[in-house]
Each structure stands twice: as C-alpha cells, then as structure tokens.
Amino acid sequence: MKTILSLITGFTIILAIFTAPRDSFSQYAIHEAFPNLTFVYPVEMVTADDGSNRLFVLEKGGKIKVFENDPNVSTTKTFLDITDRVSQYFYAGLFGIAFHPDYEINRYFYVYYMSGTGASLTLNLNRYTASAANPDSALKDSEFALMTVPCPNSNHNGSSIRFGADGYLYFGFGDSSPGSGGDPNNKAQNKSEIFGKVNRISVDSASGGRNYAIPSSNPYYQNTDNYREEIFAYGFRNMWKFSFDEVTGKLWLADVGQTGWEEIDIVESGKNYGWRRKEGFVCFNPQINCDTAGFVPTDPVYAYNHSVGTTVTGGYVYRGSKMPGLYGKYIYADYTTGKIFALTPDSLSPPVNQQLFDTQYSIVSFAEDTAKDLYFIHFSSTAGKIYKLSDTTVTTAQPVTGNTANSLPSQYALYQNYPNPFNPSTDIEFALPVQGLVMLKVYDMNGRQIAVILNDQLSQGTYKVRFRGTGLPSGIYFYELNAGDFKETRRMVMVK
C-alpha cells in the first residue's frame, strides 16, 4: 500500500541531495533559498503575516523553527518544541500550522499533530499563544485543545490547516485507512465520521460543549441525521496539502491516490469528491457502475496516472509578481518523482498541465512568503532544505530618455532589439504614449510562449528591457508587445 505518510516517514536510507534539477523548463530556475540552514524532516513553511517578514518551518518530530526571510540568514530559533507530545511513530508527526488572522493582537496560532502510540494514537488540533515579551518564542504551557480525535489507524492522517478569507479554520483528516488501504470501512463516504473530510470550524467562539463553534453556513449545520457538523466537503482519501487562491478564494487540494491516480480538486461546500467509490475520474470500489444509485461525485480538476508519478503534493495558485508567466497557475509536484507542474485553471478540458522541472528532490510541501514568492521543501532527516523558484528572464523596464516633458513619446512603438543576432542577451526598447499595463512576451518558431519578460504598470515614456536567452538553443524567436490597444511583434535571432 502506498501513502504519502509512509513515503515521507518510512526512510531508513538518507536520500542524496542534488543541487540542480535533472531537467527544467528553461525560463525557470531552482536555487537554495537559505543556503546556511538545514532542517530535520521539514514538512511545512508558513509566514505569520504580522509584518515581521519571518518564516516558520515545521519539523515532523515536533519543533517549529523561526528565522528572518533573508538568504544570508545563518541561524534559526526554536519557536515551539513539543517533541515530548508529538508521536515519533512511523507515520505520525507534526503536520500543520496556521496563524490566527488577528495574530498581531491575540498571538494565537494553531497546530495539528499526532500523539500516542499503537491503539492510543490521537489527532490533535490545538491552540498555542506566542510570548508577548519574545515574539520568537511560544508559550508551551499555553496549549489549549480544540479537538482531540482517537485515531483508529496510523495511515492517511496528515494534511493542512488553513484560515479562509471567511475567518474560519479549515483542516483535513484522511480516511485513516488500515495498512491494506482501500478505506474498507468506507469512512470517507460516511458523514457520521470526521475522517476523509475537509472540515471547517470557528475558533473564536464555543458551542455545543465543544471548544469551538460550528459555522451556520456549514452544509450539515444542526442536521438531524447524525452527520458531523464540522464537515465542509467529503470523499477524500489522503489529502496532502491544500491552500486558498487569494484572488478567487477557491480551495485547491491534492488528494493522494492508491492504485492508479493522483488528483487535484477545487473544494466546494457540501460536495462529495468520490473516494472510495472513485479514484480520480475512474471507478475504484466497485470497479464499474460506481456513480449510480444517486451517487454523483464531483470530478477532480485534474488527475494523472502512476506512469507520471505516484504521490501528489499540493501547492499554490501563484499570485506573485516575479514569475509573471506562472501568474494564476496552480503549482504542485509529485513527491516520488520530484516533478514540478503548473496547471492552468479554467483552460481547456482537460486543463493545460505544464511540467516545469524534473528534479531529484523529495518535495513534501510548497510555501509562500509575504511577497508571494514561491518555495518548496525537500524532505530529509539530515539535509532538509528550502528551495525557491525564480524566473530567469524577468527584468525591470529602465527609462532610456529620462522621460522628460520634451522627450515623452506621442505614439506606441516597438523597436528592433540590439544586438541582433545576440548571445546570450539583448535589449528590447519600446515607447508608450500613455500610462498603462505593459506585457512583453517571447515566442519560439512554433508559436510556443517561452517567456514573459515584462508584466507591469508603466508611465508614459520610452523604456528598455533586457532579455536573457540563457538555456535556449540557437534559432529565430519573436517578441511581442501588448499595451493598451497596441500589439506588435518583431523577430530576433540567437546564435551560439
């Protein structure tokens, strides 16, 4: 049986670290974000969004490390150490953290971990409070239990916890399937069980004898069918990381498959995502006619079979400014193969799925900082590292005439690049008669977009940007300027 937790925790051999991907899409690059830092089985990195520019890394064994978001940082501080409470069992660990939306005021944050051993394993969703005197330290004795759930099996229990824009806390429990897998007790479809579900609660009040409240907008709020009121959506096997798109508010989730398919879902209230009846788009149990008798599950946005990879790792819809070619795309990976992908939402059916990298990293999680720069985490017991994605072609537009009143252009223009032919870089100049959004793209001879080198608001003026063709083969390329109603394309030649 294959689960992401068995893969990320069952290593007896330390994997070698490779400093570069085997192959990559030439526009993008990977580099160590913090070369001087190493972690022990890191599983997640988050920011507190408190204006401090700090990053927090969870180590599976029970430590949370904090440090400045500076590539030259050389030390970390231990924000919280609960190794004595976190189970060190094979599949268990500290898996998730979420800072309260009002963290700057109340200093509350929430963690999800497993405790106990064997038949006494439990899932814990608890609140802690950061020190008022030392913001780089949490008060260990401030632990407040929101939810403690007996865990019938050690498998399929890792996930994320996230606050939505609605202020509610979302958390996922897998199907807690025994070693044979397949969810034999059908927990994911049983709405009286909390397993195999994405759940949603309010942490700012309490009701019904709980240390939290149920949002009235939850689909089974005050139901009379004995369904768990915490349920937001159901029918998941072993969701491994989910995140909200800050622009659309959509909840993107990666659900690890079993025999053949890995899937990516957009999770909506009250919907059924199929497991164990379906895996991806296909029937699982039963193997035929699985969507009959009133059972109509919501299909995933995308699914890939095990010829591509066998353990999906959820990521983020990229909303940063430094990789404009990826803006609005969902970036995710496969843990077992190290491949990183960009999925274009709302595109053709099936949506466009672009492989960005084929690496030898064990990609256990993605992360964002306050600037929405994108990172991923390599899982290792002795060489856990944080890596950052970057765009090698993006540059800034530089004024070339000073943009004085006497030199401001009265019409749009796109000029021939210089030098041309070029190797490895060339300058592209253009003129704007009015302020507006400017996009400059590069295409190959087949019309394939290979770079977005500018995507920015610019004032009236004449500008120059530099295009770096590092990693591209010799040949003819085209650059296209889009500004207002103006669109023009020119040809350039790269010779090596």
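FYI, it's all coordinate maths here, none of it is from the lab. Just so you know, these numbers come straight off a predicted model, no measurement behind them. With ideal geometry, Cβ positions are generated from the backbone for all residues, glycine too; neighbour counts draw on all protein chains shown.
Taking the stretch 234-361 as the region of interest, what is the percent of Cα-Cα pairs per 5 angstrom bin, listed from the shortest bin to the one with the maximum distance?
Computed distribution, short to long bins: 2, 11, 21, 23, 20, 12, 7, 2, 1, 0.
Normalised by the residues of the stretch 311-350, what does the relative contact order come to in percent, with Cα pairs under 8 Å and at least six apart?
Across the stretch 311-350, relative contact order equals 35 percent.
Binning every alpha carbon pair distance of the stretch 292-450 at 5 Å from zero, what are the percents per bin?
For the stretch 292-450, the binned pair fractions read 2, 7, 12, 15, 14, 13, 12, 9, 7, 5, 3, 1, 1, 0, 0, 0 percent.
Quote the relative contact order of the chain in percent (integer), defining contacts as alpha-carbon pairs under 8 Å separated by 6+ residues.
Contact order relative to length: 12 percent.
Check cross-link reach from Lys191 to the lysines: straight Cα distance under 21 Å, and skip same-chain residues fewer than eight apart.
Within the straight-line cut-off, Lys191 pairs with Lys271, Lys278.
How about Lys63: which lysines have a C-alpha closer than 26 Å to its C-alpha, ignoring those fewer than 8 places off in the same chain?
Lys77, Lys140, Lys241, Lys372, Lys385, Lys388
Using unit Cβ charges (K, R positive; D, E negative) and no other charged atoms, how large, in debye to the nearest 20, is the dipole of the chain about its Cα centre?
In debye, rounded to 20, the chain gives about 680.
Got a sec? How would Phe67, Phe79 order by Cβ neighbour count within 10 Å, fewest to most?
Listing Phe67, Phe79 from fewest to most nearby Cβ atoms yields Phe67, Phe79.
If I take all pairs of Cα atoms in the stretch 55-155, what percentage of them are more than 24 Å from each other?
Pairs farther apart than 24 Å: 25 percent.
Could you work out the relative contact order of the stretch 118-191, using alpha carbon pairs under 8 angstrom and six or more residues apart, expressed as a whole percent? Mind showing how you got there, number by number?
Values: 106 pairs, mean separation 18.1, N = 74.
Across the stretch 118-191, relative contact order equals 24 percent.
When N is the residue count of the chain, what does its C-alpha Rg come to as a fraction of 2.2 N^0.38 Å?
1.05
For the chain, which cysteines have no second Cys with its Cβ under 4.7 Å from theirs?
Cys151
Using the Cα centre as the reference, give the magnitude of the dipole from point charges on the C-beta atoms of the stretch 349-413 (Lys, Arg: +1; Asp, Glu: -1; all else neutral), rounded to the nearest 20 debye.
Dipole about the Cα centre, nearest 20: 60 debye.
In debye to the nearest 20, how big a dipole does the stretch 136-188 give about its Cα centre with +1 on each Lys and Arg Cβ and -1 on each Asp and Glu Cβ?
In total the dipole reaches around 120 debye.
Per-residue counts of other Cβ atoms within 10 Å, averaged by peptide: what ranking do you get for 167-178, 469-480, highest first?
167-178, 469-480
Roughly speaking, what is the centre-to-centre gap between the stretch 139-215 and the stretch 449-496 when only Cα atoms are used, to the nearest Å?
Distance between centres, Cα-based: 49 Å.
Would you list Met45, Met439 from fewest to most Cβ contacts within 10 Å?
Met439, Met45
Points 7 angstrom from Cα along the Cβ direction at Ser474 and Ser307: gap in nanometres?
3.6
For the stretch 378-467, I need the span (max minus min coordinate) of the C-alpha atoms along each principal axis, in Å, sorted largest to smallest.
63, 29, 21
In what order do Trp240, Trp261 fall by count of nearby beta-carbon atoms within 10 Å, going from fewest to most?
Trp261, Trp240
Can you give the Rg and Dmax of the stretch 127-213 based on its C-alpha atoms, in angstrom?
Considering the stretch 127-213 through its Cα atoms, Rg and Dmax are 15.8, 50 Å.
Run the helix sum for the chain: -39,500 (n - 2.57) per DSSP H stretch of 4+ residues, divided by residue count, reported at 222 nm to the nearest 500 deg cm²/dmol.
Value at 222 nm, helices only: -500 deg cm²/dmol.
Straight-line reach only, C-alpha to C-alpha below 18 angstrom: list the aspartates and glutamates that Lys464 could link to, leaving out same-chain residues fewer than 8 apart.
Asp427, Glu429, Asp456, Glu480, Glu488
Have a look at Ile105, Ser137, Met147 and report the one farthest towards the positive end of the charge dipole of the stretch 19-169, computed about the Cα centre with Cβ charges (Lys/Arg +1, Asp/Glu -1).
Farthest along the dipole direction, towards plus: Met147.
Any idea which of Asn238, Gly208, Tyr220 is furthest toward the positive side of the dipole for the stretch 192-275, if Lys and Arg beta-carbons carry +1 and Asp and Glu beta-carbons -1?
Sorting the options by dipole projection puts first Gly208.
Calculate the length of the line joining the C-alpha centroid of the stretch 41-90 to that of the stretch 334-358, in whole Å.
Going from one Cα centre to the other spans 28 Å.
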